[in-house]
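Heads up: the structure comes next, in structure tokens.
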Amino acid sequence: MSVIRDRHIHLLASLLIVCALALAVSSCSTNDPHPSVAAITNREAMPLLEEHDVVTLISDSGVTRYRIKAARWLVYDKSNPPCWDFPYGIQLEQFDEKLKVEASLRADRAHYDQEAERWRLWGHVRAMNNKGDKFFTEELYWDRKNERIYSDSAIAIRQKETLIRGIGFDANQTMTKYTIRQTNGLIPVKE
């Protein structure tokens with residue numbers, strides 16, 4: 001009887017060793033225990049680069065001219081078209097020679113189409129040009145190829161003593177020359 005019991009113990013021990021080896025081999029076959037389904041089935045949906053809490057300075061001829069801040073920056077190189085996405089917003093600032101902010105742009109969300117060279121900014125878009133004019137809208141497009149900024153959304157522009165409102169506008173790239181469509185506003189007039 002002890003011989004039969006010993007055989008059962010050896011058989012059980014052998015089965016446990018085989019199971020342990022099989023488990024070890026299967027767990028070593030992949031480095032990621034939870035592979036992303038999107039990465040496996042759709043490379044377009046997977047960003048090449050994902051950065052958090054980005055602060056970038058850009059210089060021109062050794063002088064710092066721009067600062068970009070973003071909570072999250074995603075670069076999609078395989079999407080059609082390739083693009084950058086800023087799902088938690090973006091802030092751009094332009095500096096003068098003394099590093100004073102002379103122009104700025106901020107939005108809750110931003111998307112850059114690399115092929116068209118066009119930015120789409122939306123959600124509480126705020127901009128200031130180098131003359132101090134402040135722009136408020138919900139959506140703004142910046143066409144870098146054609147050096148044009150435009151929107152079909154409601155816009156308010158605050159100048160020193162003037163508030164101009166409209167639906168849609170077109171501007172040059174520095175937002176110093178612009179045309180507002182469907183305008184209304186308050187303009188103080190001296191008697």
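Restricting to the stretch 156-183, and then to whatever is modelled with pLDDT of 90 or more and among the hydroxyl-bearing types (Ser, Thr, Tyr), can you tell me which residue is farthest from ALA103 (Cα to Cα)?
Step by step, filter the stretch 156-183, then rank; the result is THR179.
Look through the stretch 58-98, keep the residues that are of a type in the set (Phe, Trp, Tyr) and outside any loop (DSSP other than H, G, I, E, B), and return whichever of them is farthest from ARG109 (Cα to Cα).
Looking at the filtered set, the residue picked out is PHE95.
Within the group GLU102, GLU97, GLU117, GLU93, which residue is in the same structural domain as ASP152 (by TED's automatic domain parsing), more than 25 Å from GLY62 (Cβ to Cβ) and charged (D, E, K, R)?
Just a single option satisfies the conditions, and that option is GLU117.
The values are calculated or read from the model by the stated rules, or taken from the named source; none is laboratory data. These numbers were taken from a predicted model, which means no experiment stands behind them. Virtual Cβ from ideal backbone geometry, glycine too; neighbours counted across all protein chains shown.
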